[in-house]
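Report on the structure given below.
The values are calculated or read from the model by the stated rules, or taken from the named source; none is laboratory data. Given the structure is predicted, the values throughout are model-derived calculations rather than measurements. Cβ placement follows ideal geometry from the backbone for every residue including glycine, while neighbour counts extend to all protein chains displayed. With ligands, DNA and RNA removed, areas are computed over all heavy atoms of the protein, side chains included. Shrake-Rupley method; radii C 1.70, N 1.55, O 1.52, S 1.80 Å.
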Amino acid sequence: MEFSTTQSWADDGLKFSELEWCSPEYQNALELRHLVLRAPLRLKLTAEELDGEHSQRHYSILDESEAVIAVVVARPKNSSLVHFRQMAVHPDHQRQGIGSKLLTQAEAELASHGFREFQLDARAEAIAFYQRHGYEVKGEPFQLVKLEHQKMVKTI
């Protein structure tokens, strides 16, 4: 499924964008994902984790200098279900509503292409964030990359 989008928010100078796989911006997004999600755990993104990313959607928020400050990966599972993964906001920009803007815009973009079900595996400390965005806890907590995670779902 091919589609691309860009939308700017004039009020804060940030831009929502879908990144092209293997572009310089995609590489910057990988660095951000490593910084926020893997480095604190002393892990690296593996080739297995990156396998198949060419067929996934990579959404980001860019700042005024076009730097990637937030990213989320969307992996379509079928024509109506998408799995969000690897959401990260740069530490200098956390708790400013940027993650909310990214998630909301990514959901809207995917919904415009027929996706109606969203799922993700939230780290325990992020469950409340996703609940504020309409996600519901499903099943029991589980361990993933050394941390407790919880499956969460949302249907629109």
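Which one is surrounded by the most Cβ atoms within 10 Å (Cβ to Cβ), of the residues in segment 78-97 that are touching a residue at least 24 places away in the same chain (Cβ under 8 Å) and of a type outside the set (A, V, I, L, M, F, W, C)?
To start, the set of residues in segment 78-97 that are touching a residue at least 24 places away in the same chain (Cβ under 8 Å) comprises 79-91, 93.
Now drop any that are not of a type outside the set (A, V, I, L, M, F, W, C), which leaves 79-80, 83, 85-86, 90-91, 93.
Values: Ser79: 11, Ser80: 12, His83: 17, Arg85: 17, Gln86: 24, His90: 17, Pro91: 12, His93: 16.
Within segment 78-97, the match that is surrounded by the most Cβ atoms within 10 Å (Cβ to Cβ) is Gln86.
Please note which strands (runs of 3 or more DSSP E) are completely contained in segment 96-156 and include at least 1 residues that are of a type in the set (Gly, Ala, Ser) and under 12 Å from the mean Cα position of the chain (by Cα). It would help to see each step written out before you state the result.
Working: elements: 117-123, 136-144, 147-155.
Those strands (runs of 3 or more DSSP E) span 117-123.
Can you find a residue that is out of contact with any Pro (no Cβ under 9 Å at 6 or more places or on another chain), more than 18 Å from Leu144 (Cβ to Cβ) and at pLDDT 95 or above anywhere in segment 36-54?
Looking for residues that are out of contact with any Pro (no Cβ under 9 Å at 6 or more places or on another chain), more than 18 Å from Leu144 (Cβ to Cβ) and at pLDDT 95 or above, one finds none in segment 36-54, hence no.
Restricting to segment 52-76, name every residue that is more than 15 Å from Gln27 (Cα to Cα), open to solvent by 20 Å² or more (accessible area, probe 1.4 Å) and touching a residue at least 24 places away in the same chain (Cβ under 8 Å).
Answer for segment 52-76, where residues must be more than 15 Å from Gln27 (Cα to Cα), open to solvent by 20 Å² or more (accessible area, probe 1.4 Å) and touching a residue at least 24 places away in the same chain (Cβ under 8 Å): Asp63, Glu64, Pro76.
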